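Each value in this text was obtained by applying a stated rule to the coordinates, not by laboratory testing. Because the structure is a prediction, the values reported are computed rather than measured. Here the Cβ positions follow ideal geometry from the backbone for every residue, glycine too, while neighbour counts run over all protein chains shown.
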Amino acid sequence: MDIDFPTIVSLIILVIIIVALAKTAQIVPQRSAFVIERLGRYAKTLDAGFHLLIPFVDKVAYRHTLKEEAIDVPQQACVTRDNIQIHVDGVIYMQVIDARLASYGITDYRFAAIQLAQTTLRSVIGKIELDKSFEERAVINEKVVEALTEAAEPWGVKVLRYEVADIVLPETIRDALEKQMRAERERRAVVAESEGEREAKINVSEGMKQEMINVSEGDMQKQINEARGRAEEITLIADATASGIERIAMAINQPGGADAVSLRIAEQYVGEFGKLAKETNTLILPAELADIGGVVAGLTKTLDQARSPKK
């Protein structure tokens with residue numbers, strides 16, 4: 001089918017119109033910024049939304065995202081202060097805050113940030129020893145962020161933070177550290193066991209001490225109670241004896257009391273003499289045995305003399 005010349009011209013004009021419209025209308029996504037150049041020079045920065053440009057005069061030179069970016073820093077070899085080579089990698093978190101500076105301040109701010117982070121990291125690692133490289137990750141991160149922030153300010157980029165992702169040690173150093181950690185764990189176990197034994201011995205000795213104190217206090221209280229019991233017993237016996245003697249004295253003074261005493265004395269005299277005769281083969285007879293009444297009378301007289309008041 002033959003196409004005439006007017007149709008071809010119309011198609012060309014239609015294509016030109018479509019291209020012009022495509023270059024005129026620009027839609028910028030949220031959290032993005034487009035840098036516009038007019039005839040090769042910076043003209044303006046477009047924020048999120050719909051914009052119209054001059055076709056064939058304005059063009060979108062750079063497109064930037066204003067979101068926070070996580071940029072991986074490749075693993076690199078670093079030498080510590082004690083001359084141990086380790087391999088360290090990390091992650092940079094940064095954000096474009098000025099699209100114009102990010103476009104014209106540096107060719108590739110991502111590549112520049114990675115290179116600066118690596119050089120700064122090597123410098124910081126070289127000032128600390130291997131043992132402290134694991135403990136001072138926060139210090140390492142802070143030093144890298146300080147260097148990147150100072151350098152990235154003309155780039156229109158803000159460095160939010162840097163994190164050391166991993167520290168890889170040589171095989172020999174890893175084996176030495178494992179032996180050291182194992183020895184340290186064994187030492188702590190021995191110390192803990194000895195501390196436990198020490199505490200146990202202290203607890204046992206404290207228990208024995210308290211037991212001895214309790215026993216001694218119990219013995220002391222027992223002796224006090226026994227002494228008090230004996231004292232009360234003696235007091236009761238003395239009171240009973242005094243009361244008995246007092247009653248006997250009162251009974252003697254009653255009518256017929258002296259005769260009763262004489263009879264009681266005679267009975268006890270005969271009874272004790274009978275016991276003496278049973279306990280031994282040798283019998284000693286008193287000279288007054290034939291006169292028991294005289295003996296009783298003598299004893300009665302003695303009691304009367306003791307009872308009568310002295311003149």
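Length available on full extension from Arg137 to Met212: 0.36 nm per residue minus the Cα-Cα distance, which gives 21.2 nm.
Inter-label distance, Asp47 to Met250: 12.5 nm, where each label sits 7 Å from its Cα along the C-beta direction.
The label point for Asp89 and the one for Ser123, both projected 7 Å from the Cα toward the Cβ, are 2.5 nm apart.
The modelled label-to-label distance between Thr107 and Val57, using points 7 Å beyond Cα along the C-beta direction, is 3.3 nm. For trypsin sites (Lys or Arg not before Pro), no site in the range 117-208 is both called loop by DSSP and has at most 11 other Cβ atoms within 10 Å.
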